[in-house]
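S.K.: Before I ask anything, here is the structure I am working with.
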Amino acid sequence: MKKNHVFLLKLFLSFIVAYLTSRIGAGLSDFGWVQDVLIMTMYLGLGLGNDFSVILKGFSNLRLYILTQSSIFIIAPIVSMVFFQLAMLITTDQSFIGLLFVGCLPTTITSCIMLTQHSNGNTVGSVYNAMLAQLISVVVSPLILSLMISMEVSSVTPPLTVVYKLAQRILIPLFLGQLFRALLPALFNRIGGRCEKISFNAIFIILYMNLSSLLRNSISGSSLFSIAISTLFAVLMFMVMVHLNWILSGLARLPLPDRISSAYTGTQKTLAMGVPLATILFPHDVALVSQITIVIIGYYVSSLLFSVIIIEGLIASFRARCGSDMQKP
């Protein structure tokens, strides 16, 4: 079974188990250190299972780097702000803040690489860009996000505090994983796959805890409506992001494999960073953190379900247009 299919299956099971055992999961989430340990474990596994030194090799393809990172950290936040303002015209519920979170998150490391490979894109370029985005996001994502939501929410954790806490929970475990990997390369070449499984499964325990907290608290009809609208907007946001990225990669005259790489890597968003950011920014609002998590899940799932369909269509259109141009006198 493909990893994306496994992810969707485990995501579905997380909802079911959270519904059936919401008191247990919510009880776990009341102990903040449990989630902190899971986040640190997740990024330790990410550091052990991936070689981040390859980032330097990617600078030979500077145009791909610039376009992809700009798509993740400049274009996506702008698009998310536009959709947030549109959503606020409908209702002023705070759960719409989840759209801003989606816009500021880095890309995934696994999904974008597998999808790029599926469409015969520049897989190596996706690897470089995904890893660079993970490192940049520890500082850039909370700064951009804090700037955007400071106008909407007054009681938000200061940006520098967020960066400091993210460094504790993400950057230090990531660095330790890389350090252990460098000191014992033979060992971690053998167990690298297991390290990835640690990161892969830790996120579902975190999701289970947050979903359980949401289910334990009574949800008003207006909140459910806001969550549904936010999730719908997240799906539309993804579609806009893909087409914007494709247009810009054409204007940058990137070759087709690089355009494919940027289209997947520049538009995917990771769940792993979203939950830590939400818990740090809103430490005393479990319900809002859970609602934000659902919006991020909506974007992530839609990107898995629709990205191949949309991008393969864009590729086919590109090839058809190039073929017709070649036939012109």
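S.K.: Can you tell me which residue is nearest to Gln178 (Cα to Cα) among those in the stretch 51-78 that are under 17 Å from the mean Cα position of the chain (by Cα) and not hydrophobic (A, V, I, L, M, F, W, C)? Before you say what the answer is, go through the steps one by one.
M.R.: Filtering the stretch 51-78 for residues under 17 Å from the mean Cα position of the chain (by Cα) gives 68-78.
This time we only want the ones that are not hydrophobic (A, V, I, L, M, F, W, C), so: 68-71, 77.
Numbers: Thr68: 24, Gln69: 22, Ser70: 26, Ser71: 27, Pro77: 30 Å.
So, considering only residues that are under 17 Å from the mean Cα position of the chain (by Cα) and not hydrophobic (A, V, I, L, M, F, W, C), the one nearest to Gln178 (Cα to Cα) is Gln69.
S.K.: OK, next. Can you find a residue in the stretch 170-188 that is of a type in the set (S, T, N, Q), under 30 Å from Gln69 (Cα atoms), at pLDDT 80 or above and open to solvent by less than 70 Å² (accessible area, probe 1.4 Å)? Let's see the steps before the verdict.
M.R.: Of the stretch 170-188, the ones of a type in the set (S, T, N, Q) are 178.
Still in the list and also under 30 Å from Gln69 (Cα atoms): 178.
Those still in the list that are at pLDDT 80 or above too: 178.
Going one step further and asking which of them are open to solvent by less than 70 Å² (accessible area, probe 1.4 Å), we end up with 178.
Yes.
S.K.: In the stretch 226-258, what count of residues is obtained for those that are over 16 Å from Ile75 (Cα atoms), of a type outside the set (A, V, I, L, M, F, W, C) and open to solvent by 10 Å² or more (accessible area, probe 1.4 Å)?
M.R.: The total comes to 5.
S.K.: Another one. Checking the structure you have, find out if any residue of the stretch 193-211 is modelled with pLDDT under 75, farther than 30 Å from Ser22 by Cβ and open to solvent by less than 70 Å² (accessible area, probe 1.4 Å).
M.R.: yes
S.K.: Quick check on my filter: what residues within the stretch 105-122 are open to solvent by less than 40 Å² (accessible area, probe 1.4 Å) and in a helix (DSSP H, G or I)?
M.R.: Residues satisfying the conditions are Ser111, Cys112, Ile113, Leu115, Thr116.
S.K.: Then there is this: Looking at this structure, is Thr157 open to solvent by 10 Å² or more (accessible area, probe 1.4 Å), closer than 24 Å to Leu171 by Cβ, in a loop (DSSP other than H, G, I, E, B) and at pLDDT below 90? Break it down stepwise before answering.
M.R.: Details: open to solvent by 10 Å² or more (accessible area, probe 1.4 Å): yes; closer than 24 Å to Leu171 by Cβ: yes; in a loop (DSSP other than H, G, I, E, B): yes; at pLDDT below 90: yes.
Judged against the criteria, Thr157 is a match.
S.K.: Which condition breaks for Phe7 when tested against (1) modelled with pLDDT of 75 or more; (2) out of contact with any Leu (no Cβ under 6 Å at 6 or more places or on another chain); (3) open to solvent by less than 40 Å² (accessible area, probe 1.4 Å)?
M.R.: Exception for Phe7: condition (1).
S.K.: Within the stretch 67-87, track down each residue that is free of Cβ contacts under 8 Å to residues at least 12 places away in the same chain and of a type in the set (A, V, I, L, M).
M.R.: Ile74, Val82
S.K.: Just checking, which of Val163, Val138, Val102 is in contact with a helix residue (DSSP H, G or I) (Cβ under 7 Å, 6 or more places away or on another chain), of a type in the set (Val, Ile, Thr) and open to solvent by 10 Å² or more (accessible area, probe 1.4 Å)?
M.R.: Going through Val163, Val138, Val102 in turn, just one is in contact with a helix residue (DSSP H, G or I) (Cβ under 7 Å, 6 or more places away or on another chain), of a type in the set (Val, Ile, Thr) and open to solvent by 10 Å² or more (accessible area, probe 1.4 Å): Val163.
S.K.: Looking for something charged (D, E, K, R) and farther than 22 Å from Ile206 by Cβ - is there at least one such residue anywhere in the stretch 305-314?
M.R.: Looking through the stretch 305-314, at least one residue is charged (D, E, K, R) and farther than 22 Å from Ile206 by Cβ.
S.K.: Any idea which of Val275, Val295, Val289 is within 30 Å of Ser213 (Cα to Cα), of a type in the set (A, V, I, L, M) and touching a Phe, Trp or Tyr at 6+ places or on another chain (Cβ under 6 Å)?
M.R.: On the way: Val275 fails: touching a Phe, Trp or Tyr at 6+ places or on another chain (Cβ under 6 Å); Val295 fails: touching a Phe, Trp or Tyr at 6+ places or on another chain (Cβ under 6 Å).
The unique qualifying residue is Val289.
S.K.: Okay, moving on. Going by what's in this entry, would Ala287 be described as open to solvent by 20 Å² or more (accessible area, probe 1.4 Å), out of contact with any Lys or Arg (no Cβ under 9 Å at 6 or more places or on another chain) and under 28 Å from Thr41 (Cβ atoms)? It would help to see each step written out before you state the result.
M.R.: Working: open to solvent by 20 Å² or more (accessible area, probe 1.4 Å): yes; out of contact with any Lys or Arg (no Cβ under 9 Å at 6 or more places or on another chain): yes; under 28 Å from Thr41 (Cβ atoms): yes.
So Ala287 fits the description; yes.
S.K.: Name every residue in the stretch 69-91 that is open to solvent by 30 Å² or more (accessible area, probe 1.4 Å) and assigned to a helix (DSSP H, G or I), in order of residue number.
M.R.: Looking only at the stretch 69-91, we keep the residues that are open to solvent by 30 Å² or more (accessible area, probe 1.4 Å), and these are 70, 74-75, 78, 81-82, 85-86, 88-91.
Residues satisfying the conditions are Ser70, Ile74, Ile75, Ile78, Met81, Val82, Gln85, Leu86, Met88.
The values are calculated or read from the model by the stated rules, or taken from the named source; none is laboratory data. Being a predicted model, the structure only gives us computed values, none of them experimental. A quick note on method: Cβ atoms are made from the backbone with ideal geometry, for glycine too, and the neighbour counts reach across all protein chains shown. What goes into the accessible areas is simple: the full protein's heavy atoms, side chains included, and nothing from ligands, DNA or RNA. Shrake-Rupley method; radii C 1.70, N 1.55, O 1.52, S 1.80 Å.
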